[in-house]
Amino acid sequence: MESYRKIIAAGAVLALFLKGANAQAQPYAQCGGSGYTGPTVCVDGWTCVYSNEWYSQCLQGTVATSTTTTRAATTAATTAATTSRTTTTSSRTTLTTTTRTTTTSASPVATGCVIYVSTSGSDSNNGSINSPFAGIQKAVDTATPGCTIYIRGGTYKPSKNIQIAKSGTASQRYTISAYPGEKVIIDGDNMTGTPAELNASLANSDRGIFHVQNANYWTFKKLELINGPYGMYNRDASYNDFLDLITRDNYESGFQLEGEVAYCNVINLDSYGNRDPRKNGESADGLAIKQGRGAGNVVRGARLWNNVDDGMDLWMFETPILIENTIAWGNGVNRWGFSPFEGDGNGFKLGGGDPDVPANHIIRNCYAFSNAKHGFTDNGNYGTLTLDHNTSWKNGGTGFSFANSPSKLTNNLASNNAATYTLKSGGSQSANSWNIGGTWNDARFISTSTSLVTGARDSNNMIPASDFLLLKDGTTTGATTHV
């Protein structure tokens, strides 16, 4: 039996070798470069074109260029920054949820299938680094599973929103990213609905600078989306990652997930200044996950501020969402002169509906401050929510408003809100500031300087660690940026 296994194993290795020897590089895939060991011959109709000594790519309609390099291969140092830092505070509650692991990476340019877009490009080009496309939609339409689309630095002003309606796979994701080290702004001011008239409708297909629908396994990274009919709009699309995005000054919610949505990661999002003139502030949130269902969705490291309605809104989303290390402030203030003003102004609106639906969301280590209404609220969600080590400070309503849900509140801190907390009968609470007793005013904090969390992110795009609203006596009630 052992000899038989060895024969089978040897045959498998030989088959893999022969497959590699006969393999052809696919369209837009890498086909050469110092240190590259994959196929060097492209599929029929495509030519291996030299870009530099490290990279050649299969392109269409290009005369072949033959280049030999003798420089020794080198291994680039790669620094991986996980999307959350490790907390060593032993008293903090550990909660288990089912999620996908996602990291952000400081590694340089991707290999394999790579397509480039530039403000100086042309859609008649071939999409290489030296002959980039002009249109992001052109790159999306051209890409095949596993491709990375690099957008070179600059401001792009497409007249139509970018439609994404095809899926990758778990092993061959699509990626759209700013080129490493370059700043990309996509301005939707020329698109439909920017802004729409008061009480006007906005067609589903017009929603979002990026309209992602029925499209799974995409990654969007380091893009700034402004002045759009929504910034990022993801509907009925799962297994998508949204990393280090900025969605600001859009004419609806900056970022919205809706419908059948599962295992999406929203990591280190900054979403601010979003408003909706067509509704006088009724629905433009920083981050909205609404009217849908799906397991495994995660929000981590977001900052949601100065949006016309709520910082975060989970209206009618029926499945638990994990929310960590996120901050919401300054939401629900009428900065645009809307009349009548319809903005709500919650930091974290954790449900609601018509009728209300139950969802057992988990919120831990988050801050809500200076919002017009509540810091954290179930908003009619009658499920059992879990809130652990959160801080609500100087909000216009209740710090923790859970009158409709028998939720579990532990180790939370409420200070200087219009009211402290409400909790439906049957809920549980322990080790919260109001359980501990005493006076919880600004004198108890090391620092109340909001600039510690509202300024620039650190080199890993994390919210910088600071003493913001940490207690002078060293106890660990409430949230911390040391994560």
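Values quoted throughout were computed directly from the atomic coordinates according to the rules given, and no laboratory measurement underlies them. All of these numbers come straight from a predicted model, not from anything done at the bench. Note: ideal-geometry Cβ built from the backbone for every residue, glycine included; neighbour counts use all protein chains shown.
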Can you pull out the trypsin sites (Lys or Arg not before Pro) in region 273-374 whose DSSP state is coil and whose Cβ has at most 14 other Cβ atoms within 10 Å? Arg335
Please report the net charge: other residues with Cβ closer than 14 Å to the Cβ of Thr439, K and R +1, D and E -1. 0
Pick out, from Gly351, Leu385, Phe369, the residue whose Cα sits farthest towards the positive end of the charge dipole of region 320-399, with +1 on the Cβ of Lys and Arg and -1 on the Cβ of Asp and Glu. Phe369
Reciprocal mean inverse distance between Cα atoms of region 379-458 - Kirkwood radius, Å: 13.6
Options Gly127, Ile209, Thr155, ranked by Cα towards positive dipole end of region 102-246, top entry (Cβ charges): Gly127
About the Cα centre of region 328-483, how large is the charge dipole given +1 on each Lys and Arg Cβ and -1 on each Asp and Glu Cβ? Please answer in debye to the nearest 20. 160
Around Lys157, what is the net charge, scoring Lys/Arg as +1 and Asp/Glu as -1 over all other residues with Cβ under 10 Å from its Cβ? -2
Please state, as a whole number in µm²/s, the translational diffusion coefficient that the Stokes-Einstein equation yields for region 81-454 at 25 °C and 0.890 mPa s, with Rh defined as the Kirkwood radius across alpha carbon pairs. 117
Taking 0.36 nm per residue of sequence separation and subtracting the Cα-Cα distance, how much length would be gained by fully extending the chain between Arg335 and Ser201, in nm to one decimal? 46.0 nm
